[in-house]
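Encoded as structure tokens, the structure appears first; notes follow it.
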Amino acid sequence: MVGDLNIAPLEHDVWSHKQMLKIVSHTPVETEGLLEIMRQGNWVDLMRQHVPDSEKLYTWWSYRAKDWAAANKGRRLDHIWSSADLAPLLKRVDILKEARGWKQPSDHVPVTATFDI
């Protein structure tokens with residue numbers, strides 16, 4: 001499953017866990033709900049398969065930041081999940097961060113998964 005789920009479930013999926021706890025996309029009801037859906041469906045978070053939970057990982061940066069790259073106040077709102085049997089075939093996940101700096105960009109950047117099938 002791939003998509004913009006607008007929820008950053010983990011502490012390091014946002015620029016400041018403490019400051020984001022009452023902000024839509026990282027409230028406890030959202031994050032706990034999304035993690036429960038992942039558990040119940042036996043989904044594997046492919047974006048975190050090769051990037052430890054302790055590392056910052058973003059796919060979205062607000063238009064409000066004058067210098068979004070320097071501020072780096074991002075969120076990981078876009079997700080790539082798979083079934084457990086497909087996860088071992090994951091070769092890499094790419095986040096095209098530079099796309100955020102293109103002329104007339106989206107606030108989200110493209111994310112892709114490559115598998116060795």
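Tabulated data for the structure shown
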quantity: Qualifying residue in the range 59-78 (condition: more than 19 Å from Asp94 (Cβ to Cβ) and touching a Pro at 6+ places or on another chain (Cβ under 6 Å)); calculated: no
quantity: The one condition in (1) surrounded by 11 or more Cβ atoms within 10 Å (Cβ to Cβ); (2) over 25 Å from Arg100 (Cα atoms); (3) not β-branched (Val, Ile, Thr) that Gln19 fails to fulfil; calculated: (2)
quantity: Output for the range 13-57, where each listed residue is closer than 15 Å to Arg76 by Cβ and in contact with a Ser or Thr (Cβ under 6 Å, 6 or more places away or on another chain); calculated: Leu46
quantity: Residue count, the range 13-30 (criterion: over 22 Å from Gln49 (Cβ atoms), part of a helix (DSSP H, G or I) and touching a residue at least 40 places away in the same chain (Cβ under 8 Å)); calculated: 1
quantity: Elements of type strands (runs of 3 or more DSSP E) in the range 31-117, at least 1 residues being surrounded by fewer than 16 Cβ atoms within 10 Å (Cβ to Cβ), modelled with pLDDT under 95 and under 12 Å from the mean Cα position of the chain (by Cα); calculated: none
quantity: Number of positions in the range 81-112 that are within 15 Å of His50 (Cα to Cα) and out of contact with any Ser or Thr (no Cβ under 8 Å at 6 or more places or on another chain); calculated: 8
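The values are calculated or read from the model by the stated rules, or taken from the named source; none is laboratory data. These numbers were taken from a predicted model, which means no experiment stands behind them. Positions of Cβ are generated from backbone atoms using ideal geometry, with glycine treated the same way; all protein chains shown enter the neighbour counts.
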